[in-house]
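**Student:** Can you keep this structure in mind? I'll have questions shortly.
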Amino acid sequence: MMKARTRRGPRARTSDSPPTSRATRLGRRSPRAMREAGSETTTTTTLPGWLRSALESNGKNPDEFEATLEATKRESASMGMGVQILLRDMRRGIPAAAKEAWPFHEAELTEAELQRARIAKRDFWPFFWFTSIFVNTVPWTPLVLPLILRVGESTKFFGKEAVVPPQLDRATDRRLDLLLRMKAGREDK
């Protein structure tokens, strides 16, 4: 009979030991340790003293800067959820678009598959450009994307609709707002 493997050494944890307050790679306690300690899983941004004093000496309001960082975190999280919606649509739509375009495909597509194919064809290039920007600028996408859009519109090289897919535009697609409300409702419980 084999013995169960256990961790030994200074980082070993028993079932009766308190949750660790050791920082994770991201500089915060792990969500599990936070739940066990009874604190909420969302963290607020607090600026280090040196940054706060540097902002004050340059005539900037540190509280305003913290509020901007919090808004950026929230927008980054909502963009992440929007990208999940976008990836789901593309994962389901691109194969249907390929079947529709393939001349030797024998079976007829259903109405739902045709709708998915239309959406995938319509959103492919905005999906391509947005994911290229998103992947290369996460978590700063909410700060970088408006700059890119402003440059594109001022040079008349491209517009918002060429870069931001409809799945991320709350005026055209309600799914992102619904997901954010569901997530906020779950966190309130």
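The values are calculated or read from the model by the stated rules, or taken from the named source; none is laboratory data. In this text the structure is predicted, and so the values were computed from the model without any measurement. Here Cβ is always computed from backbone atoms with ideal geometry, including for glycine, and neighbour counts include all displayed protein chains.
**Student:** Search segment 126-140 for residues being loosely packed, with under 14 Cβ neighbours inside 10 Å and at pLDDT 90 or above, and hand back the single one that is farthest from residue 87 (Cα to Cα).
**Tutor:** 136
**Student:** Which count do you get for residues in segment 105-122 that are among the charged types (D, E, K, R) and closer than 20 Å to residue 172 by Cβ?
**Tutor:** To start, the set of residues in segment 105-122 that are among the charged types (D, E, K, R) comprises 106, 108, 111, 113, 116, 118, 121-122.
Restricting the remaining residues to those that are closer than 20 Å to residue 172 by Cβ gives 116, 118, 121-122.
Matching residues across segment 105-122 total 4.
**Student:** If you take the residues in segment 161-170 that are in a loop (DSSP other than H, G, I, E, B) and in contact (Cβ under 8 Å) with a residue 12 or more places away in the chain, which one is nearest to residue 65 (Cα to Cα)?
**Tutor:** So in segment 161-170, the residues in a loop (DSSP other than H, G, I, E, B) come out as 164-165, 169-170.
Right, trim to in contact (Cβ under 8 Å) with a residue 12 or more places away in the chain and you get 164-165.
On the way: 164: 26, 165: 29 Å.
Step by step, filter segment 161-170, then rank; the result is 164.
**Student:** Assess whether residue 119 counts as being surrounded by 11 or more Cβ atoms within 10 Å (Cβ to Cβ), closer than 18 Å to residue 72 by Cα and of a type outside the set (Gly, Ala, Ser).
**Tutor:** no
**Student:** Among the numbered criteria (1) in a helix (DSSP H, G or I); (2) at pLDDT below 90; (3) touching an Asp or Glu at 6+ places or on another chain (Cβ under 9 Å), which single criterion is violated by residue 71?
**Tutor:** Condition (3) is where residue 71 drops out.
**Student:** What number goes with the only condition from (1) assigned to a helix (DSSP H, G or I); (2) free of Cβ contacts under 8 Å to residues at least 12 places away in the same chain that residue 106 does not pass?
**Tutor:** For residue 106, the exception is condition (1).
**Student:** Right, here's the next one. I'd like the residue in segment 142-171 that is farther than 17 Å from residue 87 by Cα and of a type in the set (Val, Ile, Thr) and, out of all such residues, is nearest to the chain's Cα centre (by Cα).
**Tutor:** Across segment 142-171, the extreme among qualifying residues is 144.
**Student:** Exactly one of these conditions fails for residue 173: (1) part of a loop (DSSP other than H, G, I, E, B); (2) at pLDDT below 90; (3) over 21 Å from residue 76 (Cβ atoms); (4) not hydroxyl-bearing (Ser, Thr, Tyr). Give me its number.
**Tutor:** So the condition that residue 173 fails would be (3).
**Student:** Starting from residues that are surrounded by 12 or more Cβ atoms within 10 Å (Cβ to Cβ) and basic (Lys, Arg), keep the ones in segment 61-100 and report whichever is farthest from residue 173 (Cα to Cα).
**Tutor:** Looking at the filtered set, the residue picked out is 99.
Condition check ((1) of a type in the set (D, E, K, R); (2) more than 18 Å from residue 173 (Cα to Cα); (3) surrounded by fewer than 13 Cβ atoms within 10 Å (Cβ to Cβ); (4) touching a residue at least 40 places away in the same chain (Cβ under 8 Å)) across all residues:
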| position | (1), (2), (3), (4) |
| --- | --- |
| 124 | no, no, no, no |
| 142 | no, yes, no, yes |
| 147 | no, yes, yes, no |
| 159 | no, yes, yes, no |
